[in-house]
Structures are given as structure tokens and as C-alpha cells.
Amino acid sequence: MFKNKRLLTWILLITITIFSGCKSKFEKLLKSNDTGKKYQEAIRLYNKKDYSKALALFDQLNQRFRGRAEAEDLAYYYAYTNYRLRDYTTSRYLFKVFADTYPNSARAEECRFMSAYCFYLDSPKYSLDQQNTIQAIESLQLFINLYPKSDRVAEASNLIADLRDKLERKAFSNAKLYLDIGGYDVQNYRSAVFAFKNALRDYPDTKYAEEMEYLTVQAQYLYAENSIEIRQEDRYTEAIGLADDFIEDHPDSKYLKAVQDYKKKASEAIVKVQKLLAAQQQAQQQKSQPA
């Protein structure tokens with residue numbers, strides 16, 4: 001047992017010594033001024049998929065190789081090293097710099113696409129701010145405009161469609177939120193109507209169109225229902241108009257019966273509110289007449 005412990009101890013010491021030696025060798029290279037050797041080692045580490053160490057060397061070499069023959073290769077590997085480490089903010093910038101700096105390079109098209117693709121990868125889930133999503137769409141569209149015959153155009157178009165769906169979902173979610181919280185303030189229902197209409201205007205081909213049109217009818221009806229009597233007739237009338245548009249556009253919709261119900265209730269409510277207002281007006285006139 002004692003011999004086994006001694007053997008394990010020796011193995012551990014040898015492993016530590018080897019590891020320390022390798023580490024010291026890399027640290028010495030980092031501190032050296034041998035840019036040629038650093039460049040070769042950075043490429044070797046990249047190909048070995050040791051991206052963290054490769055990046056440490058590329059960071060140092062980036063400034064020193066400007067204007068040299070190796071600068072283009074360095075810029076290419078530097079961008080991809082950040083990409084492999086999932087630093088999409090840095091890599092998208094570096095890919096763009098490469099495409100702008102070397103527009104005639106055989107890699108320019110690839111790097112222009114990768115810059116846009118990094119924006120795509122940085123696009124957050126639909127419930128968060130979508131600025132990166134918008135920039136991703138713009139970058140991908142720019143790529144398509146610059147390279148209309150590229151083999152990557154189909155992929156870029158698919159990515160744009162995916163990003164647009166996220167924006168549509170965001171717009172739909174924001175509008176529906178107004179409807180969900182409408183009971184706290186009647187104006188939320190009106191805001192929901194505007195938000196749904198704006199979303200449909202911005203994304204006329206959205207897959208959420210039918211549901212949004214139905215919810216627009218619902219929101220307008222609830223807005224009328226919760227308004228003061230003097231405003232109800234006009235607002236119910238608007239709900240009926242929206243319902244008629246929906247019925248015409250979606251005769252086979254699963255929401256058809258619900259929309260017809262809203263139209264029927266709005267029509268009945270108009271009759272009731274007209275009678276109520278007429279009675280109030282008559283009572284007011286009688287009250288104002290001299291005894």
C-alpha cells in the first residue's frame with residue numbers, strides 16, 4: 001500500500017511538472033517579442049481548438065501586423081477565434097472590419113455574412129428589447145443586396161424570416177398585454193386596438209393576423225362597454241364595423257362565432273344606450289320646464 005501511495009505521488013508530481021512546464025512555455029511566449037513565433041503558435045492553437053490561448057496571442061498580434069502580408073489572415077482568424085468563443089458582439093465587429101478592409105478578398109463575402117449572422121445569434125428572445133434583431137435583419141438584407149448571387153442568400157432569407165417572426169410575436173405580445181390589463185384602465189382597451197392595428201399594418205402577412213383581428217374586435221367591444229354612456233354608441237358602432245370586416249375576411253375562422261356574438265351584443269347595446277340617453281334627455285327637459 002505504501003508503494004502504491006509513493007507511485008501515485010510520483011505520478012502527480014510528474015504531471016504537475018509537465019503542466020507547469022507547458023504553462024511557463026506559453027507565458028514566456030506571451031512575454032516575448034517574437035511575433036513570427038507568436039503568429040505560428042496562435043494558428044496552431046486555433047487549429048487545435050484551443051481558442052482561449054489562441055485569442056491571447058491574437059490580441060497581441062492584432063496591432064503589430066498592420067500593413068504586413070499576414071494581416072489579412074490574422075484578421076480572419078482573429079474574428080473567428082472570438083466567434084468560436086461565442087463573443088458574438090466582438091466577432092460581428094471584426095467580421096465587418098475584415099469585409100470593409102479587404103472588399104476584394106475571397107473571404108469578404110463570408111465575413112460579411114458572418115457579421116450579420118453574429119447579429120442573428122445575439123438576437124434575444126421575443127419578450128426582450130429587439131434592437132439587435134432589427135440590426136440583424138438590416139445586416140442580412142445588406143448582405144443579400146451586396147451578394148445577390150451568393151449561395152448564402154437562401155440561408156440569409158430564412159434567417160430574416162425567423163427574425164421577422166420574432167418581431168411579429170413581440171408586437172402581438174405587446175398589444176395583447178394592453179388587452180389583458182384593460183380592466184385597470186378603460187384606455188388600455190383603446191391602446192390595444194391601436195397596437196393590434198399597428199402590428200397588422202407593419203406585418204400584414206403575419207401568421208398572427210387572424211387572431212389579432214379577432215382580438216381587435218374584442219378590445220373595441222370592451223372599450224365601448226366600459227365607456228361612459230354618451231360615448232358608447234360611437235364605440236359600439238366601430239366594434240360592429242371591425243366585426244363586419246372580420247366576418248368578410250375570415251368566413252371560416254374558428255373565431256367567427258365569437259365575433260358574431262360581439263357584433264350582436266354591440267347592436268343590442270346601442271339600442272339600450274339610445275333608449276337610456278333618450279330617457280335621460282327627456283327627464284332633463286322635464287326638470288328644466290317651469291312648474
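The values are calculated or read from the model by the stated rules, or taken from the named source; none is laboratory data. Everything numeric here is computed off the predicted structure, so don't read it as measured data. Positions of Cβ are generated from backbone atoms using ideal geometry, with glycine treated the same way; all protein chains shown enter the neighbour counts. Each accessible area value is taken on the protein alone, full model and side chains, heavy atoms only, with ligands, DNA and RNA left out. Shrake-Rupley method; radii C 1.70, N 1.55, O 1.52, S 1.80 Å.
Conditions tested, residue by residue: (1) over 27 Å from residue 147 (Cβ atoms); (2) touching a strand residue (DSSP E or B) at 6+ places or on another chain (Cβ under 7 Å); (3) surrounded by fewer than 20 Cβ atoms within 10 Å (Cβ to Cβ); (4) modelled with pLDDT of 90 or more.
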residue	(1), (2), (3), (4)
30	yes, no, yes, no
33	yes, no, yes, no
36	yes, no, yes, no
52	yes, no, yes, yes
62	no, no, yes, no
81	no, no, no, yes
86	no, no, yes, yes
89	no, no, yes, yes
98	no, no, no, yes
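Just to verify a result, which residue in segment 135-149, among those that are among the aliphatic types (A, V, I, L, M) and more than 18 Å from residue 103 (Cβ to Cβ), is most open to solvent (accessible area, probe 1.4 Å)? Break it down into steps so the answer makes sense when it comes.
First pass over segment 135-149, keeping only residues among the aliphatic types (A, V, I, L, M): 136-137, 140, 142, 144, 146.
Still in the list and also more than 18 Å from residue 103 (Cβ to Cβ): 136-137, 140.
Working: 136: 0, 137: 31, 140: 0 Å².
Per the stated criteria, the residue is 137.
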Worksheet entry | residue 213 vs. criteria surrounded by 13 or more Cβ atoms within 10 Å (Cβ to Cβ), part of a helix (DSSP H, G or I) and either touching a residue at least 40 places away in the same chain (Cβ under 8 Å) or within 32 Å of the chain's Cα centre (by Cα) (or both) | yes
Worksheet item: Got at least one residue in segment 108-122 being at pLDDT below 95 and among the polar types (S, T, N, Q)?
Response: no
Worksheet item: If a residue has to be outside any loop (DSSP other than H, G, I, E, B) and open to solvent by 80 Å² or more (accessible area, probe 1.4 Å) to count, how many in segment 150-164 make the cut?
Response: 3
Item to complete: Working carefully through the options 75, 116, find the one that is touching a residue at least 40 places away in the same chain (Cβ under 8 Å) and of a type in the set (A, V, I, L, M).
Response: 116
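Does residue 259 fit the bill of being at pLDDT 95 or above, part of a helix (DSSP H, G or I), under 48 Å from the mean Cα position of the chain (by Cα) and of a type in the set (A, V, I, L, M, F, W, C)?
Details: at pLDDT 95 or above: yes; part of a helix (DSSP H, G or I): yes; under 48 Å from the mean Cα position of the chain (by Cα): yes; of a type in the set (A, V, I, L, M, F, W, C): yes.
Here the answer is yes, as residue 259 does meet what is asked.
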Worksheet item: Scanning for something surrounded by 10 or more Cβ atoms within 10 Å (Cβ to Cβ) and either at pLDDT 85 or above or basic (Lys, Arg) (or both), does segment 13-25 turn up at least one residue?
Response: yes
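When segment 165-200 is examined, which residues are found to be of a type in the set (A, V, I, L, M), in a helix (DSSP H, G or I) and open to solvent by less than 70 Å² (accessible area, probe 1.4 Å)? Don't jump to the end; show me each part of the working.
Taking segment 165-200 as the starting set, the residues that turn out to be of a type in the set (A, V, I, L, M) are 167, 171, 175, 177, 179, 181, 186, 192-193, 195, 199-200.
Then keep just the ones that are in a helix (DSSP H, G or I); that gives 167, 171, 175, 177, 179, 192-193, 195, 199-200.
Across segment 165-200, the qualifying residues are 167, 171, 175, 179, 192, 193, 195, 199, 200.
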Worksheet item: What single numbered condition from (1) closer than 30 Å to residue 166 by Cα; (2) open to solvent by less than 70 Å² (accessible area, probe 1.4 Å); (3) more than 30 Å from the chain's Cα centre (by Cα) fails to hold for residue 240?
Response: (1)
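Is it the case that segment 201-208 has a residue that's crowded, with 20+ Cβ neighbours inside 10 Å and outside any loop (DSSP other than H, G, I, E, B)? Quick ask: steps written out before the conclusion?
Of the residues in segment 201-208, the ones crowded, with 20+ Cβ neighbours inside 10 Å are 208.
Then drop every residue that is not outside any loop (DSSP other than H, G, I, E, B), which leaves none.
Scanning segment 201-208, I find no residue that is crowded, with 20+ Cβ neighbours inside 10 Å and outside any loop (DSSP other than H, G, I, E, B), so the answer is no.
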Fill in: For residue 227: the one exception among (1) in a helix (DSSP H, G or I); (2) open to solvent by less than 90 Å² (accessible area, probe 1.4 Å); (3) modelled with pLDDT under 95
(1)
Item to complete: Pick out the one residue from 275, 254, 287, 264 that is under 22 Å from residue 172 (Cα atoms), out of contact with any helix residue (DSSP H, G or I) (no Cβ under 7 Å at 6 or more places or on another chain) and open to solvent by 80 Å² or more (accessible area, probe 1.4 Å).
Response: 254
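Residue-by-condition table, conditions (1) of a type in the set (S, T, N, Q); (2) modelled with pLDDT of 95 or more:
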position	(1), (2)
127	yes, no
151	no, yes
170	no, no
184	no, no
Worksheet, complete the sentence: Being closer than 26 Å to residue 161 by Cβ, free of Cβ contacts under 8 Å to residues at least 12 places away in the same chain and not basic (Lys, Arg) narrows 205, 261 down to just 205
